[in-house]
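Enquirer: Have a look at this one before I ask anything.
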Amino acid sequence: MKKNLIRYPQSLQRDNLYAHSSADELLLEHLEQQNLALSTKILIINDQFGALSYHLSSYNIEAYTDSYMSHRSIEINTNQSTKQFFDLSDISQNSKEYDLVLCYLPKNHSFLEDILAILSQSLKPHTPFIFTVMVKHMSRGHFQLIEKYIGPLTTSLAKKKARLIFSRLELPPQESPFPKYLQVDGLEHEFTQFSNIFSRDKLDIGTRFFLDHLPVDLTGEALDLACGNGILGIKFKLQNPSALVSFTDESFMAMISAKTNYRKYSFNDRGNFFWSHSAEAVKDKQFDFIMCNPPFHQGTTVSTHIAHDMFKQSYKVLKKGGSLRIVANSHLGYPSILRRNFKKVSILASNKKFLILEAIK
Ligand SMILES: C[S@@+](CC[C@H](N)C(=O)[O-])C[C@H]1O[C@@H](n2cnc3c(N)ncnc32)[C@H](O)[C@@H]1O
């Protein structure tokens, strides 16, 4: 296993964060023993940071990921040699050709269900699947979904806390239950919720609190950073109709959800939408206002380092006098983190669980 693969973004790479896991290693060891022909056409799903794509690059591989960070890691680690898909529906165009599907099991069951349903519609019957997962992230729900959409399964022994699950497409094609739709009080149009977006089944309580604390009568440019389904930016636009709002998220489905939801309204513009790590895609713009409900994990790893990076990047893309407004769990200590970059940080509102913080450049 090549150890020095890049975990994008490199600026956040840490000694204890690796671009591969023992789930990758176990799958690669298993494949090595199979003596697959080099012509084997393999679809790799959810390759976390490109370790699978890199090590399997001598086969005929294609990769699907919803994560911008995974996409860039795969691109860098395989020297742009891997064909990638970001839109789940694009897989179905040529999936009849795959001889083998490898999938790093996502923790999010809705996302897995969507992927399996789409593949059930378009793969050749009997196509083999191998799923890999860290045992601590594996659940009965994963097994039930594989048995519901693909077929009977068997598992490997656990090794270094990882396990493989084997199955074959034996079941008839099935419809995906996604996207789903969510009506939010006070907003005219229902939200289209794709399977891998944050809080797909109901409005998040932090978001709900933030919706009551968005500014009014601002003009100029605003950014909904880490936009999810776009709800904050849409509510902001309703209250500030002459402002131009940009939306960024590292989940492709989130970015598409935000775009779909924004365009249900008769706004005076079509908005700007970017699939991006943090504010990277808008680094050449200058904003008057940024709103953010920051993420508290990267993939399956709980962490605030992405949020800290978002605060730094926000500072860079704000005009002088512009402001970053966030909602955050009160225990996270964000006021002092924000003060590392911003001169003036204040608490605009609080409840038992959350703070609304404003940082002015
Ligand atoms: C707590 S959710 C907030 C979503 C939405 N703004 C809301 O309030 O409902 C955080 C969002 O951050 C996104 N995210 C995670 N890591 C990111 C990154 N590195 N760059 C941009 N967005 C990221 C997630 O996909 C998720 O949509």
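Enquirer: Working from Cα positions, state the angle (0 to 90°, nearest 10) between the long axis of helix 22-34 and the longest principal axis of the chain.
Expert: Tilt relative to the chain: about 30 degrees.
Enquirer: Which value at 222 nm does the chain reach when only helices count, each DSSP H run of 4 or more adding -39,500 (n - 2.57), with the total divided by all residues and rounded to the nearest 500 deg cm²/dmol?
Expert: So the calculated ellipticity at 222 nm is -8500 deg cm²/dmol.
Enquirer: Mind listing which trypsin sites (Lys or Arg not before Pro) in the stretch 156-189 are in a DSSP loop and have 15 or fewer other Cβ atoms within 10 Å?
Expert: Filter output for the stretch 156-189: 160, 161.
Enquirer: Expressed as an acute angle from 0 to 90° and rounded to the nearest 10, what is the orientation of the C-alpha long axis of helix 252-262 relative to the principal long axis of the chain?
Expert: Result, in degrees: 40.
Enquirer: Could you work out the relative contact order of the chain? I mean the mean sequence separation of Cα pairs under 8 Å and 6+ apart, divided by the number of residues, in percent.
Expert: It comes to 11 percent, rounded to a whole number.
Enquirer: Can you give me the P(r) profile for the stretch 180-360? Cα pairs, bins 10 angstrom wide beginning at 0, each as a whole percent.
Expert: 10, 41, 39, 10, 0
Enquirer: Label points 7 Å out from Cα along the Cβ direction at residue 329 and residue 213: separation in nm?
Expert: Placing both labels 7 Å beyond Cα along the Cβ direction yields 1.7 nm.
Enquirer: Shifting gears a bit: What number comes out for the charge environment of residue 348, summing +1 per Lys or Arg and -1 per Asp or Glu over other residues with Cβ under 14 Å away?
Expert: Taking every other residue near residue 348 into account, the sum is 0.
Enquirer: Of all GluC sites (Glu not before Pro) in the stretch 163-233, which ones are in loop regions per DSSP and have a Cβ with at most 16 other Cβ atoms within 10 Å?
Expert: On the way: sites: 170, 175, 188, 190, 221; in loops: 170, 175, 188, 190.
Loop-located and lightly packed - 170, 175, 188, 190.
Enquirer: Counting DSSP beta bridges in the chain, what percent are antiparallel, to the nearest 5? Walk me through the numbers before you get to the answer.
Expert: On the way: 30 of 64 bridges.
The antiparallel proportion sits near 45 percent.
Enquirer: Let me ask something else about it. Compute the distance in nm between two label points, each set 7 Å from the Cα along the Cα-to-Cβ direction, one at residue 336 and one at residue 283.
Expert: That separation, rounded to one decimal, is 3.0 nm.
Enquirer: Mind pulling up the Rg/Rh value for the chain? Radius of gyration and Kirkwood radius, both on Cα. Let's see the in-between values first.
Expert: On the way: Rg = 21.4 Å, Rh = 21.6 Å.
Using Cα coordinates only, the ratio equals 0.99.
Enquirer: Given an 8 Å cut-off on Cα distances and at least 6 residues of separation, report the relative contact order of the stretch 281-361 as a percent.
Expert: 30 percent.
Enquirer: Also, I was wondering about something else. Under 20 Å between alpha carbons, and skipping anything fewer than 8 positions from residue 319 in its own chain: which lysines qualify?
Expert: Output for residue 319: 237, 283, 285, 343, 344, 361.
Enquirer: For residue 316 and residue 353, compute 0.36 nm times the residue count separating them, minus their Cα-Cα distance, and round to one decimal in nm.
Expert: 10.4 nm
Enquirer: For the stretch 10-168, just the Cα atoms, rotate onto the principal axes and tell me the three extents in Å, largest first.
Expert: Taking max minus min along each principal axis of the Cα atoms, the stretch 10-168 gives 41, 33, 33 Å.
Enquirer: Mean-square fluctuation check for the chain, GNM, Cα pairs under 10 Å: which of 317, 216, 133 is largest?
Expert: 216
Enquirer: Still on this structure, please answer the following. Could you pull out the longest piece of the chain with no exposed loop chymotrypsin sites (Phe, Trp or Tyr not before Pro) in it, calling a site exposed if DSSP puts it outside H, G, I, E, B and it has at most 16 other Cβ atoms within 10 Å?
Expert: In short, 1-264.
Enquirer: Mind giving me the nanometre distance, one decimal, between the label points for residue 159 and residue 265, set 7 Å out from Cα along Cα→Cβ?
Expert: Those two pseudo-labels are separated by 5.3 nm.
Enquirer: Within the stretch 224-306, which trypsin sites (Lys or Arg not before Pro) sit in a loop by DSSP and count at most 10 neighbouring Cβ atoms inside 10 Å?
Expert: Sites meeting the loop and neighbour criteria: 270.
Readers should treat all values here as calculations from the given coordinates under stated rules, not as data from a laboratory. All values derive from a computational prediction rather than experimental measurement. Positions of Cβ are generated from backbone atoms using ideal geometry, with glycine treated the same way; all protein chains shown enter the neighbour counts.
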